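All remarks here apply to the structure that follows.
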Amino acid sequence: QGYDCQTVVDGDHQVIVAMGVSNQPPESEHLVPMLERTMAYTAQVPEILIADAGYWSEENAKACEERGVDPHIATGRLPHGQPPPPIYGPIPKDLDAKGRMARKLRKKEGREIYAKRKTIVEPVFGQTKEVRGLRRFLLRGLTKVNGEWMLWGKTHNINKLWRHLKKQRLQEVMATG
C-alpha cells in the first residue's frame, strides 16, 4: 500500500509547519487542506505558496488567491535541466488560468520564486529519506502512518531547533571569549 506525504515548509528555516498523509494519488486535491492547516497552525496567511506540478489545478490557484496567497504552482514538467522557454510581448487576452500561471512562472520573478522550492522543501524530503533513513513506514493504516509521519516531522523540527540553539550558544561563547 502506498502513501502520499504532504509537507508545508517555512521558507526561512526549513521548519515543517503542516503535514498530512493520504492514500489517494492525485496531489492536487490536497493543496487547499494543507493551506488551511498552515493558516490554522501558524495563525498567518502565507504570502507566497510554491508547489510542483502535481498540485496544479485552476481551482487551487483560485483558492490561493481568494485567501490572499500568491500561488506559484507548476503547470507541467520540463525536461531535467532545461530552462522554460522565454516569453515575449503582452499577455494574450484569451489565455486561460493554466496559461497565465505558466507565463507567471516563466517571468524572471516567477522563475526566481519557483526555484526556491529546491532549497526549501526538497532538502527536507532529502534529509528525511537519505540522512534519517525513512524509506518506508513501519506501521500500516492511514491513521497510524499519519501519526508516524507527524513524529518524523516533529523530530525534524526538534533537530532544526537543536542545531539553531547549538549555533547560537557557540556564538555566545565566542563573543565572551
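The values are calculated or read from the model by the stated rules, or taken from the named source; none is laboratory data. For clarity, every value in this text was computed on a predicted model and none was experimentally measured. Using ideal geometry, Cβ is built from the backbone for each residue, glycine included, and neighbour counts are taken over all protein chains shown. Heads up: the accessible areas ignore ligands, DNA and RNA and are worked out on the full protein's heavy atoms, side chains in. Shrake-Rupley method; radii C 1.70, N 1.55, O 1.52, S 1.80 Å.
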If I build a Gaussian network model for the chain, linking alpha-carbon pairs within less than 10 angstrom, which residue out of L142, L31, L105 has the largest mean-square fluctuation? L142
Largest to smallest principal axis extent of the C-alpha atoms in segment 65-111, angstrom: 33, 23, 18
Using a cut-off of 22 Å between alpha-carbon atoms, which lysines can reach K166, once sequence neighbours fewer than 8 places away in the same chain are excluded? K154
Charge dipole (debye, nearest 20) of segment 1-100; +1 at Cβ of Lys and Arg, -1 at Cβ of Asp and Glu: 200
For the chain, with all protein chains present and a 1.4 Å probe, just round the carbon and sulfur fraction of the accessible area to a whole percent. 55
Go through segment 86-168 and name the chymotrypsin sites (Phe, Trp or Tyr not before Pro) that are in a DSSP coil and have 12 or fewer other Cβ atoms within 10 Å of their Cβ. Y88
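Given a Förster radius of 30 Å and the C-beta distance between N23 and L161 as r, what FRET efficiency does 1/(1 + (r/R0)^6) yield to the nearest 0.05? Don't jump to the answer; show the numbers that get you there.
Working: r = 31 Å, r/R0 = 1.02.
E between N23 and L161, to the nearest 0.05, is 0.45.
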Loop only per DSSP, at most 10 neighbouring Cβ atoms within 10 Å: give me the trypsin sites (Lys or Arg not before Pro) in segment 85-131, ordered by residue number. K93
Please list, by residue number, every one of the GluC sites (Glu not before Pro) in segment 1-100 that is coil in DSSP and has at most 12 other beta-carbon atoms within 10 Å. E47
How large are Rg and Dmax for segment 1-119 when calculated on the C-alpha trace, in angstrom? 14.8, 48
Just from the alpha-carbon atoms, what are the Rg and Dmax of segment 108-177 in angstroms? 17.1, 54
State the answer as a single residue: which of T143, P92, Q82 lies farthest towards the positive end of the charge dipole of the chain, with beta carbon charges of +1 for Lys and Arg and -1 for Asp and Glu, about the Cα centre. Q82
Suppose the Debye formula is applied to equal point scatterers at every Cα of segment 51-177; what is log10 I(q)/I(0) at q = 0.17 Å⁻¹? -1.03
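With r as the distance between the Cβ atoms of E112 and E172 and R0 = 30 Å, compute the FRET efficiency 1/(1 + (r/R0)^6) and round to 0.05.
Values: r = 35 Å, r/R0 = 1.16.
The pair E172/E112 has a calculated efficiency of 0.30.
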Tell me which of N159, A63, P46 sits at the most positive position along the dipole axis of segment 41-177, charges placed on C-beta atoms (Lys, Arg +1; Asp, Glu -1). N159
What size of dipole, in debye to the nearest 20, comes out for segment 129-173 about its Cα centre when the only charges are +1 on Lys and Arg C-beta atoms and -1 on Asp and Glu C-beta atoms? 100
Please give the per residue volume of the convex hull enclosing the alpha carbon atoms of segment 1-67, rounded to a whole number of Å³. 88
1.4 Å probe accessible area per residue over the chain, in Å²: 67
